[in-house]
Amino acid sequence: MEAINEVHVSEPGLVVVDVAAADDETAFAFHTALAARWATTSVERTTRDPGQPGVRLRCYLDLRQPLDASGQASAAPR
């Protein structure tokens, strides 16, 4: 995976999430669970490291922007 860029963690509440899973379905299910709760980047594919089992996925999320029941960002307390 690429190195984590400083801008991705430049403020409290910004998170880089690296997922290692047995298969694509599991990795995407985990991302979907995160995306249901917080504002996250979209993901379209996983990666495979030669000689290593499973798949990897990276996404970025913002804990400062929790989502409400409709999937919209709600005002986060500051």
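The values are calculated or read from the model by the stated rules, or taken from the named source; none is laboratory data. Keep in mind that what you see is a predicted model, and the values were worked out from it rather than measured. Neighbour counts run over all protein chains shown; Cβ positions are idealised from the backbone, glycine included. Note: areas computed on protein heavy atoms with side chains; ligands, DNA, RNA excluded. Shrake-Rupley method; radii C 1.70, N 1.55, O 1.52, S 1.80 Å.
Odds and ends about this structure:
A quick yes/no check of all residues on (1) at pLDDT 90 or above; (2) surrounded by 11 or more Cβ atoms within 10 Å (Cβ to Cβ):
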residue: Val7; (1), (2): no, no
residue: Asp18; (1), (2): yes, no
residue: Pro50; (1), (2): yes, no
residue: Arg56; (1), (2): yes, yes
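- Matching residues in segment 28-47 - criterion: being open to solvent by less than 90 Å² (accessible area, probe 1.4 Å) and either of a type outside the set (Ser, Thr, Tyr) or under 11 Å from Val17 (Cβ atoms) (or both): Phe28, Ala29, His31, Ala33, Leu34, Ala35, Ala36, Trp38, Ala39, Thr40, Thr41, Val43
- Taking residues in segment 19-36 that are on the phi < 0 side of the Ramachandran plot, and partners anywhere that are open to solvent by 70 Å² or more (accessible area, probe 1.4 Å) and assigned to a helix (DSSP H, G or I), the pairs with Cβ atoms closer than 7 Å and at least 6 places apart or on different chains are Val19/Phe30; Ala21/Phe30.
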